[in-house]
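These notes are about the structure you will find just below.
The values are calculated or read from the model by the stated rules, or taken from the named source; none is laboratory data. Quick caveat, the model's predicted, so the values are computed rather than measured. Cβ: placed from backbone, ideal geometry, glycine included. Neighbour counts: every protein chain shown.
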Amino acid sequence: ASFVEWLSAENFCMLGASRYVSSNDGLMSVDGSEVGLMRYGGAFQPDCLIPQRNVKPVRGSKWRVEYEKASVEAPVVSAGPLECICVIEFDGKGHPVGEYRLVGFLLPEVQYHSPFDIPMLRRRIKEVVGAIGVSNGSHGARVLAEIINRYPRDELLAETDTKVLRQNLLTIMALHDRPRAGILVRVDRFGRFAVCQVFVPRRSFSEKTAKRVSTILEQAFGEPIPEMTSQVTESPLVRLSTLVLLKNTIDLKKVLRGM
């Protein structure tokens with residue numbers, strides 16, 4: 001609930017919402033609950049927004065919030081897929097009985113919010129920082145804090161596996177301390193797309209470098225590469241990010257070897 005309240009405090013542009021109940025045939029929309037884009041059906045049906053998934057029982061909690069990228073392009077911005085906030089309802093035995101879905105997109109200002117202040121992230125980030133084990137006030141602690149603050153917020157929300165997030169942060173820390181090229185790839189759990197974060201040393205970064213990176217990704221994935229966004233700061237690394245839509249199942253290890 002605190003995360004939804006945070007979203008409503010001008011951090012999320014909601015374009016539609018609907019309530020669903022669980023049935024043997026999956027999620028069924030509650031008549032009259034659809035607002036905004038959800039009223040149009042079609043691509044905004046539950047299994048079209050997000051492929052059907054198994055929700056594990058949860059005991060001791062009536063609600064759980066999940067963040068997903070939708071399978072539908074945002075109609076008002078050129079930032080790729082819509083984002084979907086799923087508020088899952090559980091009965092007294094911990095079984096899922098329904099779901100609220102909010103579709104829209106996180107506002108750009110969210111990138112400037114500390115992850116330690118964002119509900120649904122703060123506990124996860126503290127757990128990961130504790131697992132990495134840097135000493136307070138040390139050089140490593142300062143570098144780690146800088147890396148976390150610059151990490152894309154949507155990727156922090158999407159990566160729920162703390163072991164994977166820990167390894168990602170350690171990888172970036174190693175690149176930061178000895179600047180060189182590196183890449184992180186997250187394939188979403190439904191195999192719909194791959195999010196690529198490419199790091200190159202700032203001292204050697206240029207428009208030519210960005211085009212070269214795009215060409216390498218296109219050859220490796222065998223898919224068109226959308227325009228990449230770049231994050232250039234005082235950090236010794238430049239981050240290039242893109243989301244690659246996947247038409248077929250990929251062997252990620254093979255793709256990475258091809259780079």
Which one is nearest to MET14 (Cα to Cα) among residues in region 34-72 that are touching a residue at least 40 places away in the same chain (Cβ under 8 Å) and in a loop (DSSP other than H, G, I, E, B)? ILE50
Could you go through region 193-200 and let me know if any residue there is touching a residue at least 40 places away in the same chain (Cβ under 8 Å), surrounded by fewer than 18 Cβ atoms within 10 Å (Cβ to Cβ), under 19 Å from the mean Cα position of the chain (by Cα) and farther than 25 Å from VAL72 by Cα. no
Which numbered condition MET228 misses (of (1) at pLDDT below 95; (2) over 17 Å from PRO81 (Cβ atoms)): (2)
Looking at this structure, is LEU243 within 23 Å of ALA70 (Cα to Cα) and buried (at least 20 other Cβ atoms within 10 Å of the Cβ)? yes
Qualifying position, being at pLDDT below 95, touching a helix residue (DSSP H, G or I) at 6+ places or on another chain (Cβ under 7 Å) and not basic (Lys, Arg), among MET14, MET38: MET38
Can you pull out the residues in region 23-54 that are farther than 27 Å from PRO108 by Cα and buried (at least 18 other Cβ atoms within 10 Å of the Cβ)? LEU27
Residue satisfying condition, being surrounded by fewer than 13 Cβ atoms within 10 Å (Cβ to Cβ), outside any helix (DSSP H, G or I), free of Cβ contacts under 8 Å to residues at least 24 places away in the same chain and not hydrophobic (A, V, I, L, M, F, W, C), within set ARG142, ARG212, ARG180, ARG123: ARG180
